Ligand SMILES: Cc1cc2nc3c(=O)[nH]c(=O)nc-3n(C[C@H](O)[C@H](O)[C@H](O)COP(=O)(O)OP(=O)(O)OC[C@H]3O[C@@H](n4cnc5c(N)ncnc54)[C@H](O)[C@@H]3O)c2cc1C
């Protein structure tokens, strides 16, 4: 018997969770399933979605240890983007042009497929595909961004940029049309309801572990021919991935005259082209939701809830928002939260399925998982039913994951990177020249 889900519990402290509907999950397990999925985030739910669409006869269950959307899927910045954690030029060097193009084509199609789903089944996700802008606020950023313009990333002069967004000290920026803005919890809820309507069993408060014959859930064993582990950063990391914390804040809903001054009329996502990652969106209810990195990596890759609330990082993000938009001076910030993302040594995701044992796992999206989890889950579902296609031949499918360095090397290297990213940004803001420090940190992560 599974525990009964607490229907009124919020999965986390995000704005999305605060304003979301509750999930009404099942409480009675069956004795056996064709496919048991562990983890109730995007990877788990999209895996069930693709599987049930490939084979409607499959008996599928999803087991979530806490509540659906507890993890990064219910906490993220809502960028459904074609971004990939490794740059296009580095990917071409690693895997060749053809395979790199196949990956980006698959990511772009995935955004549109998520959009079609959202339109029919998740209107509460407020899916809006209107691109993304990365702006430069000093000449070092301007040089770096304008140099990386390509057919997908179109350089806009300061004057052109001002028609899209008005940020202080803006010197132009890149516009990429292949990105959508979502309320991630709204999207997750739409997938959840869809799966319920397709008779997939969905369980909360169900801590699951793979065992040879299936899964052990809250001390009850269940047979399953296939087990998919979709626990991302919550899985046993060993040295295969590290957790890095990303944090977010949101303002109260902002009045129309604020947005008239700022722009972002079409609700595209936006960020500054700094070394330390940051990301923002205008929410459907007209708040500014903005996030960024900066929290230190925990020794031994241990997950530490306290890191989600690193006050100095939340403070830095609020300050960054006010630097971009001085009009925010007297505006209240209503929510502050955070979560961890899983990063492999080469910053690429993994999708592994062993047909002999029936065990599969997927993850390692390094902060670009909203679109990627859809694609990874689609590939996983195809592997499970035995389909082979261009997607199942993408370069990261069934690859061996390279280990991170042992501690304390890992701790020293990753935290140096986090610290030096901030130093590099301050150096560029001061000198207006590309940072010397940034040249030193690039090889640290092989990104
Ligand atoms: C603050 C923040 C901002 C981000 N912004 C973006 C963004 O704008 N765009 C983007 O593309 N990506 C973003 N990401 C990353 C993205 O959210 C993740 O890559 C993605 O949601 C991962 O989905 P998932 O389903 O694999 O993992 P999760 O959503 O973490 O789901 C895993 C689930 O497994 C459950 N679980 C763990 N162990 C067990 C167990 N033993 N039994 C049962 N259940 C278990 C957990 O409770 C959890 O709910 C962000 C992440 C964070 C933290």
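The values are calculated or read from the model by the stated rules, or taken from the named source; none is laboratory data. Here the structure is a predicted model, which is why all the values come from computation and not from measurement. Neighbour counts run over all protein chains shown; Cβ positions are idealised from the backbone, glycine included.
Points to keep in mind about this one:
- Flag if residue 39 is at positive phi, within 13 Å of the ligand (Cβ to nearest atom) and crowded, with 20+ Cβ neighbours inside 10 Å: yes
- Pairs are defined by a Cβ separation below 6 Å, a sequence spacing of at least 6 or placement on different chains, a first member in the stretch 140-162 that is on the phi < 0 side of the Ramachandran plot and part of a loop (DSSP other than H, G, I, E, B), and a second member that is surrounded by 14 or more Cβ atoms within 10 Å (Cβ to Cβ) and modelled with pLDDT of 95 or more; the pairs so defined are 149/155; 152/176; 153/174; 153/176; 157/172.
- Test: residue in the stretch 200-217 that is out of contact with any strand residue (DSSP E or B) (no Cβ under 9 Å at 6 or more places or on another chain), away from the ligand (no atom under 12 Å from the Cβ) and under 19 Å from residue 52 (Cβ atoms): no
- Selection from the stretch 349-359 of residues that are crowded, with 24+ Cβ neighbours inside 10 Å and either within 14 Å of the chain's Cα centre (by Cα) or touching a residue at least 60 places away in the same chain (Cβ under 8 Å) (or both): 349
- Positions within the stretch 324-347 being assigned to a loop (DSSP other than H, G, I, E, B), over 29 Å from residue 94 (Cβ atoms) and touching a residue at least 24 places away in the same chain (Cβ under 8 Å), in sequence order: 325, 331, 332
- Filter pass, residue 374 being surrounded by fewer than 20 Cβ atoms within 10 Å (Cβ to Cβ) and within 16 Å of the ligand (Cβ to nearest atom): no
Per-residue answers, yes or no, for (1) under 21 Å from residue 32 (Cβ atoms); (2) part of a strand (DSSP E or B); (3) at pLDDT below 95:
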position: 202; (1), (2), (3): yes, yes, no
position: 206; (1), (2), (3): yes, no, no
position: 209; (1), (2), (3): yes, yes, no
position: 215; (1), (2), (3): yes, yes, no
position: 224; (1), (2), (3): yes, yes, no
position: 227; (1), (2), (3): yes, yes, no
position: 238; (1), (2), (3): no, no, yes
position: 248; (1), (2), (3): no, yes, no
position: 254; (1), (2), (3): no, no, no
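- Of all the criteria given as (1) in contact with a strand residue (DSSP E or B) (Cβ under 7 Å, 6 or more places away or on another chain); (2) under 30 Å from residue 143 (Cα atoms); (3) at pLDDT 95 or above, the one not satisfied by residue 383 is (2).
- For the stretch 371-381, the criterion of being touching a helix residue (DSSP H, G or I) at 6+ places or on another chain (Cβ under 9 Å) and farther than 16 Å from residue 352 by Cβ is met by at least one residue.
- In the stretch 50-81, the residues that are touching a helix residue (DSSP H, G or I) at 6+ places or on another chain (Cβ under 9 Å) and away from the ligand (no atom under 12 Å from the Cβ): 50, 51, 52, 53, 54, 55, 58, 60
- Subset tally (residues that are surrounded by fewer than 16 Cβ atoms within 10 Å (Cβ to Cβ) and either touching a helix residue (DSSP H, G or I) at 6+ places or on another chain (Cβ under 6 Å) or part of a loop (DSSP other than H, G, I, E, B) (or both)) for the stretch 109-129: 0
- Of all the numbered requirements in (1) outside any helix (DSSP H, G or I); (2) out of contact with any helix residue (DSSP H, G or I) (no Cβ under 7 Å at 6 or more places or on another chain); (3) within 27 Å of residue 45 (Cβ to Cβ), residue 308 misses one, and that requirement is (1).
- Answer residue from the stretch 68-90, given it is at pLDDT below 95 and more than 15 Å from residue 341 (Cβ to Cβ) and is surrounded by the fewest Cβ atoms within 10 Å (Cβ to Cβ) among those: 89
- Residues of the stretch 227-251 that turn out to be in contact with a helix residue (DSSP H, G or I) (Cβ under 6 Å, 6 or more places away or on another chain) and either in the same structural domain as residue 303 (by TED's automatic domain parsing) or more than 8 Å from the ligand (Cβ to nearest atom) (or both), as a count: 8
- Single match in 295, 284 (criterion: within 14 Å of the ligand (Cβ to nearest atom), part of a loop (DSSP other than H, G, I, E, B) and in contact with a helix residue (DSSP H, G or I) (Cβ under 9 Å, 6 or more places away or on another chain)): 295
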